[in-house]
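Each remark here refers to the structure printed beneath this line.
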């Protein structure tokens, strides 16, 4: 288990991580989400002992990770897939990692097969594609068969088969009782993978909930209606629905189920072309929750041509 207590990191006047208090439990895939600049990488580095907290503390299975005698046997981590000497083969990279933690050499071939790199095991890592480097990074994280696994953006550069493999791998590791902590910007994958979500913004915790509770609280459901009889539809639903909003070609009703909406419209003689129960996505819930915490925001209101004309882009 990973346990953080009032974990804080400051760089001069800037507070990157501000009093985080959380626990990442075994047997679950915990998704770690936040906008760019939210403090995710800094938090992961402090868990691994690569950055020292300004105040507070974080432990892995009850002890600071930097105190571990054989760290690869305690925590496997992928923070940067490029952290491999380009002239070293995948096999030799894993062999020296194994040697530093008294891991049997036979484990190298076993893990190469697990991540699908057996056929290129003797190829120099500098010739690898991004996806192959990601697989090698995951192999490095798993070489010690650790009870705690931390993966930062593990599906970057992977194709559809590779993304699916990472999803199933994380699920398998959690089912084995390991602590799995995964950061990703791919919300569709996180929705399929994670059991629990830890969301931070501007260094503070915004949510720490099971996936089901997070979705129930931040991703409301609604009923989408498409009809040419909008006036009659609004009249039938006004005062009955909790909320009624109108888009370019649809009405959205919250607070009523699809069957209740359909009955009301039928009784009012409204012609309906579409009636769909919709659950907001994890991406929509995440965007709504973190809207005030985005540090780097593009100016989407101004067309690129205007920026070029004003000399902002050259």
* When residues of the stretch 52-74 are filtered for being modelled with pLDDT of 95 or more, in contact with a helix residue (DSSP H, G or I) (Cβ under 7 Å, 6 or more places away or on another chain) and either part of a loop (DSSP other than H, G, I, E, B) or not assigned by TED's automatic domain parsing to the domain that holds residue 203 (or both), how many remain? -> 1
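Within the stretch 270-281, is there a residue that is at pLDDT 85 or above and part of a helix (DSSP H, G or I)?
Checking the stretch 270-281: not a single residue is at pLDDT 85 or above and part of a helix (DSSP H, G or I).
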* To do: Name the residue, out of 289, 198, that is within 34 Å of the chain's Cα centre (by Cα), touching a residue at least 12 places away in the same chain (Cβ under 8 Å) and not assigned by TED's automatic domain parsing to the domain that holds residue 23.
  => 289
* Structure fact -> Within the stretch 75-88, of all residues that are out of contact with any strand residue (DSSP E or B) (no Cβ under 6 Å at 6 or more places or on another chain) and surrounded by 18 or more Cβ atoms within 10 Å (Cβ to Cβ), the one farthest from residue 137 (Cα to Cα) is 84
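Only one residue in 15, 8, 43 is under 16 Å from the mean Cα position of the chain (by Cα) and surrounded by 15 or more Cβ atoms within 10 Å (Cβ to Cβ), so which one is that? Let's see the steps before the verdict.
Values: 15 fails: under 16 Å from the mean Cα position of the chain (by Cα); 8 fails: under 16 Å from the mean Cα position of the chain (by Cα).
Result: 43 is the single residue among 15, 8, 43 that is under 16 Å from the mean Cα position of the chain (by Cα) and surrounded by 15 or more Cβ atoms within 10 Å (Cβ to Cβ).
Please find, within the stretch 158-174, the residue that is nearest to residue 77 (Cα to Cα) out of those that are touching a residue at least 24 places away in the same chain (Cβ under 8 Å) and surrounded by fewer than 17 Cβ atoms within 10 Å (Cβ to Cβ).
Step one: filter the stretch 158-174 for residues touching a residue at least 24 places away in the same chain (Cβ under 8 Å), giving 158-159, 162-163, 165-167, 169-171, 173-174.
Adding the requirement that they be surrounded by fewer than 17 Cβ atoms within 10 Å (Cβ to Cβ) leaves 159, 171.
Details: 159: 21, 171: 16 Å.
This residue is 171.
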* Residue tally, condition loosely packed, with under 13 Cβ neighbours inside 10 Å and over 30 Å from residue 196 (Cα atoms), over the stretch 218-262 -> 11
* Got at least one residue in the stretch 173-185 being at pLDDT 95 or above, closer than 25 Å to residue 156 by Cα, out of contact with any strand residue (DSSP E or B) (no Cβ under 7 Å at 6 or more places or on another chain) and not in a loop (DSSP other than H, G, I, E, B)? -> yes
* Structure fact -> Given the conditions (1) within 19 Å of residue 157 (Cβ to Cβ); (2) surrounded by fewer than 20 Cβ atoms within 10 Å (Cβ to Cβ), every one holds for residue 55 apart from (1)
* Inside the stretch 212-249, can you point out the residues that are in contact (Cβ under 8 Å) with a residue 24 or more places away in the chain and either under 23 Å from residue 5 (Cα atoms) or in contact with a helix residue (DSSP H, G or I) (Cβ under 7 Å, 6 or more places away or on another chain) (or both)? -> 214, 215, 218, 219, 223, 225, 227, 233, 236, 237, 240
* Structure fact -> Taking the stretch 12-28 and keeping only residues that are touching a helix residue (DSSP H, G or I) at 6+ places or on another chain (Cβ under 9 Å) and either more than 15 Å from residue 199 (Cβ to Cβ) or not assigned by TED's automatic domain parsing to the domain that holds residue 185 (or both), one is left with 16, 26, 27, 28
* Quick one: is residue 146 modelled with pLDDT of 95 or more and not in a helix (DSSP H, G or I)? -> yes
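The values are calculated or read from the model by the stated rules, or taken from the named source; none is laboratory data. Since this is a predicted model, take the numbers as computed values, not measurements. Virtual Cβ from ideal backbone geometry, glycine too; neighbours counted across all protein chains shown.
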